[in-house]
Each structure stands twice: as C-alpha cells, then as structure tokens.
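Peer 1: Dropping a structure here in structure tokens format, bear with me for questions.
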Amino acid sequence: MIKNFDPYRDRQARLIRNSLSTAFVQSLKDRNPAAFAATAELLLRQDISADKKAYILDRLARYRECITTIEQQGVQTILEQSFVLWDAQLFFEVHEILEGLWLTAQGREKAALQGLIRAAGVYILLAGGNRQGAEKMAAKAVQALEENGAALAYFPSSRQLLTSLRNLVPSPPKLRG
C-alpha cells in the first residue's frame, strides 16, 4: 500500500482508486489494454499529492504487467483473469471484475464467487490495518469457498487460499503458481 494513500478517509483517493479500477476492468472486458492508460493520464494531470501520483503510477505498472501476462498466457475467462489480478495483489480490482460475474451467476457458483470477492476483501482490510474486520470477512469467505468452491470452473490453489484465510496470513498466497 502506498504510504498516506487512504481511499477510506480521503475522497480524492477513493475517486482515483475507483476511476482507475473501473477503467482497467473495462479495458479487460473490451480487450483494449491501452484504455486504462487514458484515465491514468487524466488523473496525473490534476493537481494531486505525491502519494496519489505514486498510487497511480504503481497501478499503471501492475495493470500493464497483468495485461502482458493475460496476453502472453492466453488467459481467456474473467475468472482466470481475476487470478492474474490476485497474484499482482490488485484485490480491489479482483473484487470489481468478479462482481460482474457474481451478478449473473446462480446457485453454488454465485456463492463461490462471493467467497472469492470476500477473500479479496480480507486482503484489502488487512492492508488498511483492519484486522478485526478481516477476521470476520475471512470466516465468511472460508465458509462460502469450502461449501461451494467446487462449483467454479477454474480455481487454482484453493487449499492454499483457504489455509491462508483460516490463519489470516498477512501475505496473500499466489493462486496461479
């Protein structure tokens, strides 16, 4: 996490995080990897603090890394893309991309997706220093994933994720290996 960048207490930081994330997720859906860069450029032209510029530049670098991985490895589905984002520790973006799938899913698949969204939320909360909230969310994520994880067409390293969530390991596991 970028020092002093707090989207929970700073409205401008929240708008930056949300704008970048939305543009990135849309660029993945549209298969237009350069689209999010335009949003970042607009944000960088604003009168913003050094921590906000650092956040934008960090996100740009990680987004580009993810796009490269997705293209080079032929990652096709949104679910598979979410694991690429997870491994880049882009947990807010994982939440955003999976939410679209979750809205249209049903039954056990919907519950499993909610578990993954909550798992990403655990690491968002931990990064923000909210261990108590992370513990509660981890318990819900574990339950949903244990009961429904098999409903997902693709779920690498599910055991490793469940172990990390149960033990609230601060360093998130890599899910793609």
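Peer 1: Among Phe24, Phe5, what is the fewest-to-most ranking by other Cβ atoms within 10 Å?
Peer 2: By the 10 Å Cβ count, ascending: Phe5, Phe24.
Peer 1: Among Ala50, Ala119, Ala88, determine the one that fluctuates most according to a GNM of the chain built with springs between C-alpha atoms less than 10 Å apart.
Peer 2: Of Ala50, Ala119, Ala88, the most mobile in the Gaussian network model is Ala50.
Peer 1: Can I ask one more? Which of these values of Cα extents along the principal axes in Å was calculated from the structure shown: [x] 48, 42, 26; [y] 49, 35, 33; [z] 48, 37, 28?
Peer 2: Matching entry in [x] 48, 42, 26; [y] 49, 35, 33; [z] 48, 37, 28: [z].
Peer 1: Let me ask something else about it. With just the Cα atoms defining each centre, how far is region 16-89 from region 111-132? Give it in Å.
Peer 2: The distance from the Cα centre of region 16-89 to that of region 111-132 comes to 20 Å.
Peer 1: Over the chain, with a Gaussian network built from C-alpha contacts below 10 Å, which listed residue (Asn130, Asn148, Asn18) shows the highest mean-square fluctuation?
Peer 2: Among Asn130, Asn148, Asn18, the largest GNM mean-square fluctuation belongs to Asn130.
Peer 1: If you rank Lys3, Lys52, Lys29, Lys110 by fewest surrounding Cβ atoms within 10 Å, what's the result?
Peer 2: Fewest-to-most Cβ neighbours within 10 Å comes out as Lys3, Lys29, Lys110, Lys52.
Peer 1: Would you order Val122, Val84, Val169 from fewest to most other beta-carbon atoms within 10 Å of each residue's own beta-carbon?
Peer 2: Val169, Val84, Val122
Every number in this text was worked out from the coordinates using simple rules, so none of it is lab data. As the structure is a prediction and not an experimental result, all values here were calculated from the model. Virtual Cβ from ideal backbone geometry, glycine too; neighbours counted across all protein chains shown.
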